Every structure is written in C-alpha cells, then in structure tokens.
Amino acid sequence: NPLGLKDNGGGELTRGRGILKPAGKAMGFLSFLFKLENKLQAKLFGAEDLDFAAARKEIENTISNNKIVIYTYGLSPFSSETSEVLDEIGAEYANVELGLEWFLLDKEKSTIRAELLDMTGQSSLPHVFINGKHIGGLFTGTPDALFPGLAGLKESGELQKMIAGTYSDGGGGNPTITNEPEKTAVAD
C-alpha cells in the first residue's frame, strides 16, 4: 500500500490499492525479458543509430521544456494510475502517450521506448520525470534506489517538495536526462 491508505477491510476501491502494486512487483521477475524485447522491437522496425539519437533528442527536449513529464501507454493501468496520482494533487504535467500498449508501437515510438531504457535503466512504462530527474515509475523507483517511484514519493510526503523544487536528494545525484545509470531493468 504505497500511498499509506488505511485498510478498512471494506474492499472499497481506493487510490493506490488493489492488484497494481503486487502485480508491478511481480513483473520485476520478468524484467530481463522486457529489457531484451524492448531493444529488439525497435530493431525489428529498422531503427538505426540516427533514429535512436533523434529519439534521445526528443526526450531531452520534452523533459527540459516541462516540469513534470510522464511517458505512458493508453491501456496500462499503471500509466492511468500515475496520471490519477498527479491529477489528485493538482500537478500540471506533460503526458507523452507512446501508444495503447508496447506491442502496438510503431518504429518511432518503440525507438523512444528503447531510448528511455538506455537513459534510465528502466524497461517498463510509465516513466516519470520531475524537474529533469527520473524518479522511476508508479511503484518502482530508480535503479540506484535514490527515488522510490511516484507512489513512494507521495506516501513519504516528498512529492510536493520535489514538485515545488525544495526536495534535496542529499547531493547524491540522480540519473537526469544526460546521465546513464546502471542498465538494471525495473518493471512497474
């Protein structure tokens, strides 16, 4: 229960509850497959070095021009929940929907997805960037464990500070759009 909601036993639908968190954690066991598939999809569509460079430039521009950016799939419950968490706190954000789901992406969007993996070490969507920093997905954090993901930041009370620009990462740094962290895949 990453959002710290009381369990009243009533089975009510409450934000951050239900199957999403355990499903996201279980997907971590398949992360090595997602990482392989991620690159393969773009290559099968014929993506070349120039395509990956263009995708990186597009990602960098989007992140530098927006305080909060999320990369999502239209049919993903993790992506929908990410939007709901941000809407709930009144945050303004850019939602870059790559497609309905990973297997429906074209060359351009699968190349962006592959480049997000290279830039962050995370193979799954959603990807959340705040003030140029990658904070992970909804329930999973960054591969370096500096950020616990969107839900974890909200639960800890740090999300509002981060959006306001008053959050301190202790000087340890975080993979921003120009750094390349370890290539450990983390699934939502």
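The values are calculated or read from the model by the stated rules, or taken from the named source; none is laboratory data. As the structure is a prediction and not an experimental result, all values here were calculated from the model. Cβ: placed from backbone, ideal geometry, glycine included. Neighbour counts: every protein chain shown. Ligands, DNA and RNA are stripped out before the accessible areas are found, and what is left, the full protein with its side chains, is counted by its heavy atoms. Shrake-Rupley method; radii C 1.70, N 1.55, O 1.52, S 1.80 Å.
Within the stretch 87-101, does at least one residue satisfy the condition of being assigned to a helix (DSSP H, G or I), touching a Phe, Trp or Tyr at 6+ places or on another chain (Cβ under 9 Å) and crowded, with 17+ Cβ neighbours inside 10 Å? No, the stretch 87-101 contains no residue that is assigned to a helix (DSSP H, G or I), touching a Phe, Trp or Tyr at 6+ places or on another chain (Cβ under 9 Å) and crowded, with 17+ Cβ neighbours inside 10 Å. Residues in the stretch 152-159: is at least one touching a Leu at 6+ places or on another chain (Cβ under 8 Å), touching a residue at least 60 places away in the same chain (Cβ under 8 Å), over 25 Å from ASP51 (Cα atoms) and surrounded by 21 or more Cβ atoms within 10 Å (Cβ to Cβ)? Yes, the stretch 152-159 contains a residue that is touching a Leu at 6+ places or on another chain (Cβ under 8 Å), touching a residue at least 60 places away in the same chain (Cβ under 8 Å), over 25 Å from ASP51 (Cα atoms) and surrounded by 21 or more Cβ atoms within 10 Å (Cβ to Cβ). Only residues that are in a helix (DSSP H, G or I) and open to solvent by 60 Å² or more (accessible area, probe 1.4 Å) were counted across the stretch 55-71, and they come to 4. When GLY136 is tested against (1) crowded, with 20+ Cβ neighbours inside 10 Å; (2) out of contact with any Phe, Trp or Tyr (no Cβ under 6 Å at 6 or more places or on another chain), exactly one condition is not met: (2). Has the stretch 123-132 got any residue that is modelled with pLDDT of 95 or more, surrounded by 19 or more Cβ atoms within 10 Å (Cβ to Cβ) and in a loop (DSSP other than H, G, I, E, B)? Yes: one or more hits.
Pairing residues of the stretch 68-96 that are farther than 18 Å from LYS133 by Cα with residues that are open to solvent by 60 Å² or more (accessible area, probe 1.4 Å) and acidic (Asp, Glu), at Cβ distances under 6 Å and at least 6 apart in sequence or on separate chains, gives GLY74/GLU97.
Going by the conditions given, is GLU37 surrounded by 20 or more Cβ atoms within 10 Å (Cβ to Cβ), under 26 Å from THR111 (Cα atoms), acidic (Asp, Glu) and at pLDDT below 95? So that I can check it myself, show each step before the final result.
Details: surrounded by 20 or more Cβ atoms within 10 Å (Cβ to Cβ): no; under 26 Å from THR111 (Cα atoms): yes; acidic (Asp, Glu): yes; at pLDDT below 95: yes.
Judged against the criteria, GLU37 is not a match.
Within the stretch 102-122, the set of residues being assigned to a helix (DSSP H, G or I) and surrounded by 21 or more Cβ atoms within 10 Å (Cβ to Cβ) comprises LYS109, SER110, THR111, ILE112, ARG113, ALA114, GLU115, LEU116, MET119, THR120.
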